[in-house]
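The values are calculated or read from the model by the stated rules, or taken from the named source; none is laboratory data. Values in this document were obtained by computation on a predicted structure and should not be read as measured data. Note: ideal-geometry Cβ built from the backbone for every residue, glycine included; neighbour counts use all protein chains shown. Ligands, DNA and RNA are stripped out before the accessible areas are found, and what is left, the full protein with its side chains, is counted by its heavy atoms. Shrake-Rupley method; radii C 1.70, N 1.55, O 1.52, S 1.80 Å.
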Amino acid sequence: MAHEIKDDIYWVGVNDRRNDLFESYWPIPNGMSYNSYLIKDEKSALIDGVKGGFTEDFLRKVQPHGAVEDLDYVIVNHMEPDHTGVFPELRRLNSGLTFVGTEKASELLENFYGITQGVEVVETNDTLDLGSHTLEFVETPFVHWPETMMTYLREEEVLFSGDGFGTYGTLDGGLFDDQLGAEKYFDEAVRYLSNIVGAYSATLQGALAKLKRLNIEIIAPTHGPIWRDSPDKIVELYDKYSSGGALPGVTIVHGSMYGFTKKVTERVAQGARSTGLQDLKVLDASRTHPSYLLSAAWKRRGLIVGSPTYESRAFPPISNFLEITEKKKLKDRIAGIFGSYGWGGGSAREIEETAETLDWDLVSSPVEFNGQPSEDQLKNGFELGRQVAEAIKN
Ligand code: FEO
C-alpha cells in the first residue's frame, strides 16, 4: 500500500491484528492501528511512534525513507505507550535524536524510559522549522493524558491530532477515509471516544475551541483512518459526543441471575417502545463487555438500569458497569432504575448512588420487587420505560 500522505509526508504506522484488547481491557475485534508519521525535509521529524512489540514492523516502514540514525526529531504528541513503546529503540539507534513535547511529556519521558537528554519542551504557538515545513504546537491537555498536544503542519494544513479524532479498527489496504469507507468507522469511533477520551469531554471541547482558528485540510490521528475527504465529519462526531449531544434513544442495561429481573426488562422495553421510540437497545451486562455497554449508553440520552441484589448491592456485572460510567463520567442521562431482591434489597440503592454522582435525571423512584415480579410490578416496569422514552421526546 502506498504510504505517502502528501509530498514528503509518510505514514509509518502499524496495524495491530494480534491483540484482542486495547489497554488490556477494551475489545478490538477489528484490530487497531498505531499511526506514526514521517516528514522528510532538511530536518526530518517523526510524529509519534508505535507500541512496543511492533518495533520491527515500524522500522521496516521507516527504512525506505531514510535511516533512523539520520532522524532529527521525534514529536511527542502523547506519551501513552501505544505511541511511545518504540522510543527506547529509537534512542538506542540514534543518540542525537531530539524528542519534542510538552513539559509534562518530558517528565513522562524520564519516568517511562529514562530519557532525559535531547528533550525539547514546547508550548502552544511554539513552532519548529524543518526547512520547507513548519510545525506548530497546540497543547491539548487531557486528550487523552495531561501531557497531550497536537501538531499542525502549516504549509500543508495537516493536523496530527494524537488520540483526538481516532477510532478503533485497522487500516485495511489504505490510509484515508475515502479509501476505507468513513461510515464503517463511525460506530467504532463513538465506542473509542466513550472508552478512551470521553471522560475528558470538557477538555476535548476546549481543544476543539483552540483548533477553530486553524485551516485543517487533513486530520491525521494516531488511531484509525486519516481524514482527508471528510475531516469535518469526524470533528462533528467528536464535538457531538463530547458535548452531551446524545441521540433521542434509550439504552436498557440489565443483569438477571434467574430471570426475575429479566421479566421486568421485557416490560420496560415494551413501555419505551409504546411511545413510538425507534432507537432502543437492550443489553445484558453478563454477556456484554463494559466497552459496549458504555458506548451504547454514551450514544443515547435515555438510560435504564436493572439489577438483582447481590450481597446487598447490585449484581457484579451491573456494579462493574456503574463503576465504568463513573470513571468515564457518563453524565446527564434521563434515567430509570429497576431491581429485584430476595430479602434485604440494595441493588437499586447502588444504582441510585451512581445516578446522583453523575447527575442522571430519574423519572421516578426505582421499581423494586421481591422475587417474582407481580402483575402490578410488571406494569410499573412498563410505566418506567414509557416515562423515560416520553421524557426524551419532550
Ligand atoms: Fe492512543 Fe492514549 O493512546
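For the structure I just gave you, tell me whether residue 183 is surrounded by fewer than 20 Cβ atoms within 10 Å (Cβ to Cβ), away from the ligand (no atom under 16 Å from the Cβ) and more than 25 Å from residue 291 (Cα to Cα).
No: the conditions fail for residue 183.
Take residue 102 and tell me if it is among the hydroxyl-bearing types (Ser, Thr, Tyr) and buried (at least 19 other Cβ atoms within 10 Å of the Cβ).
Yes.
Could you list all residues from the range 186-216 that are open to solvent by 20 Å² or more (accessible area, probe 1.4 Å) and among the aromatic types (Phe, Trp, Tyr)?
186, 200
Can you give me the ranges of the strands (runs of 3 or more DSSP E) entirely in the range 99-178 with at least 2 residues that are β-branched (Val, Ile, Thr)?
Because the criterion is at least 2 residues that are β-branched (Val, Ile, Thr), the strands (runs of 3 or more DSSP E) in the range 99-178 that meet it are 119-121, 134-139.
Of all residues being within 12 Å of residue 243 (Cβ to Cβ) and more than 13 Å from the ligand (Cβ to nearest atom) in the range 186-202, which is farthest from the chain's Cα centre (by Cα)? Just the residue, please.
202
Could you list, in sequence order, all residues of the range 41-94 that are away from the ligand (no atom under 13 Å from the Cβ) and within 20 Å of the chain's Cα centre (by Cα)?
none
Being in contact (Cβ under 8 Å) with a residue 60 or more places away in the chain and under 17 Å from residue 195 (Cα atoms) is the filter here, so list the residues in the range 10-22 that pass it.
Kept after step one, since they are in contact (Cβ under 8 Å) with a residue 60 or more places away in the chain, are these residues of the range 10-22: 11, 13, 15-17, 22.
22 - this is the single residue of the range 10-22 that is in contact (Cβ under 8 Å) with a residue 60 or more places away in the chain and under 17 Å from residue 195 (Cα atoms).
Can you run down the residue pairs with Cβ atoms below 7 Å, 6 or more apart or on separate chains, where the first is in the range 79-96 and within 19 Å of residue 63 (Cβ to Cβ) and the partner is modelled with pLDDT under 95 and away from the ligand (no atom under 16 Å from the Cβ)?
Sorted first by the residue in the range 79-96, then by its partner, the pairs are 90/68; 93/68; 93/69; 94/68; 94/69.
Yes or no, residue by residue, for (1) at pLDDT 95 or above; (2) in contact with a strand residue (DSSP E or B) (Cβ under 9 Å, 6 or more places away or on another chain); (3) farther than 25 Å from residue 315 by Cβ:
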{"site": "247", "(1), (2), (3)": "no, yes, yes"}
{"site": "254", "(1), (2), (3)": "yes, yes, no"}
{"site": "258", "(1), (2), (3)": "yes, yes, no"}
{"site": "261", "(1), (2), (3)": "yes, yes, no"}
{"site": "270", "(1), (2), (3)": "yes, no, no"}
{"site": "276", "(1), (2), (3)": "yes, no, yes"}
{"site": "280", "(1), (2), (3)": "yes, yes, no"}
{"site": "287", "(1), (2), (3)": "yes, no, no"}
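Return yes or no: is residue 97 within 19 Å of residue 131 (Cα to Cα), away from the ligand (no atom under 16 Å from the Cβ), open to solvent by less than 20 Å² (accessible area, probe 1.4 Å) and in contact with a strand residue (DSSP E or B) (Cβ under 7 Å, 6 or more places away or on another chain)?
It is true that residue 97 is within 19 Å of residue 131 (Cα to Cα), away from the ligand (no atom under 16 Å from the Cβ), open to solvent by less than 20 Å² (accessible area, probe 1.4 Å) and in contact with a strand residue (DSSP E or B) (Cβ under 7 Å, 6 or more places away or on another chain).
Give me the residue from the range 336-393 that is open to solvent by 40 Å² or more (accessible area, probe 1.4 Å) and among the hydrophobic types (A, V, I, L, M, F, W, C) and, out of that set, modelled with the lowest pLDDT.
343
Considering only the range 1-44, state which residues are part of a strand (DSSP E or B) and under 19 Å from residue 218 (Cα atoms). Spell out how you get there, then give the answer.
Just the residues of the range 1-44 that are part of a strand (DSSP E or B), to begin with: 4-6, 9-11, 14-16, 21-22, 26-27, 32-34, 37-39.
Residues satisfying the conditions are 4, 5, 6, 9, 10, 11, 33, 34, 37, 38, 39.
Could you figure out which of (1) open to solvent by 10 Å² or more (accessible area, probe 1.4 Å); (2) within 13 Å of the ligand (Cβ to nearest atom); (3) of a type in the set (Ser, Thr, Tyr) isn't true of residue 161?
(1)
Surrounded by fewer than 21 Cβ atoms within 10 Å (Cβ to Cβ) and among the β-branched types (Val, Ile, Thr): which single residue out of 143, 119 fits that description?
Numbers: 143 fails: surrounded by fewer than 21 Cβ atoms within 10 Å (Cβ to Cβ).
Only one candidate qualifies: 119.
Do we find that residue 166 is within 16 Å of the ligand (Cβ to nearest atom) and not hydroxyl-bearing (Ser, Thr, Tyr) in this structure?
When the stated conditions are applied, residue 166 passes them.
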